1. State all residues of region 127-138 that are in contact with a helix residue (DSSP H, G or I) (Cβ under 8 Å, 6 or more places away or on another chain) and part of a strand (DSSP E or B); if no residue qualifies, say none.
2. Pull up region 55-83, narrow it to residues that are polar (S, T, N, Q) and within 16 Å of the chain's Cα centre (by Cα), then point me to the one that is nearest to Val29 (Cα to Cα).
3. Is it the case that some residue within region 6-27 is free of Cβ contacts under 8 Å to residues at least 40 places away in the same chain, touching a Leu at 6+ places or on another chain (Cβ under 8 Å) and either closer than 27 Å to Arg70 by Cβ or of a type in the set (Ser, Thr, Tyr) (or both)?
4. Which of the numbered conditions does Val100 fail, given that it passes all the others? Conditions: (1) within 29 Å of Thr30 (Cβ to Cβ); (2) out of contact with any helix residue (DSSP H, G or I) (no Cβ under 6 Å at 6 or more places or on another chain); (3) not hydroxyl-bearing (Ser, Thr, Tyr).
5. I need every pair where a residue in region 32-50 that is over 12 Å from Arg70 (Cβ atoms) has its Cβ under 7 Å from the Cβ of a residue that is among the aliphatic types (A, V, I, L, M), sequence separation at least 6 or different chains.
Amino acid sequence: LHEIGFTHGVADAPLSVIGEYEGRSGTEVTFLASPQTFTMTDYDYGTLEHRLRELAFLNSGVRILLTDKRHSDVKQQELLYDGGLEAFVRYLDRAKKPLVDKPIAIHSEKDGITVEVALWWNDSYHENVLCFTNNIPQ
């Protein structure tokens, strides 16, 4: 197990080994906004949940645990999706009636560039087109 902390982008101490771990590995990030850096330091749980859910779909199999400890009633949600973009499209269209049985999902790679596409027709009159480049909404 390793640990490092940062304050305003500067390491508080060098990376240190704090123990051994036999289980599944991963990374934990705790983010506390500084009023010296940000004009607004109040978090909106819904905004964070929405963005972290996108990241969980875009990075299939990655487990994201969102925890809000600001109040005595701690709120926690696990975001983990194994179906990638196809699962994302199903989630986005969950309240709509599909016109075909399953989403069309395409995954291809050329010259080190990976492209993924998923689409699904439904009975809605409105289209929903989302584009991401390196997990960043466009």
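None of the figures in this text is laboratory data; all of them are computed from the coordinates on show. A quick note: this is a predicted structure, and the numbers were derived from the prediction, not measured. As a convention, Cβ positions derive from the backbone with ideal geometry for all residues, glycine included, and neighbour counts pool all protein chains shown.
1. Phe132, Pro137
2. Thr67
3. Checking region 6-27: at least one residue is free of Cβ contacts under 8 Å to residues at least 40 places away in the same chain, touching a Leu at 6+ places or on another chain (Cβ under 8 Å) and either closer than 27 Å to Arg70 by Cβ or of a type in the set (Ser, Thr, Tyr) (or both).
4. The failed condition is (1).
5. Glu49/Leu66
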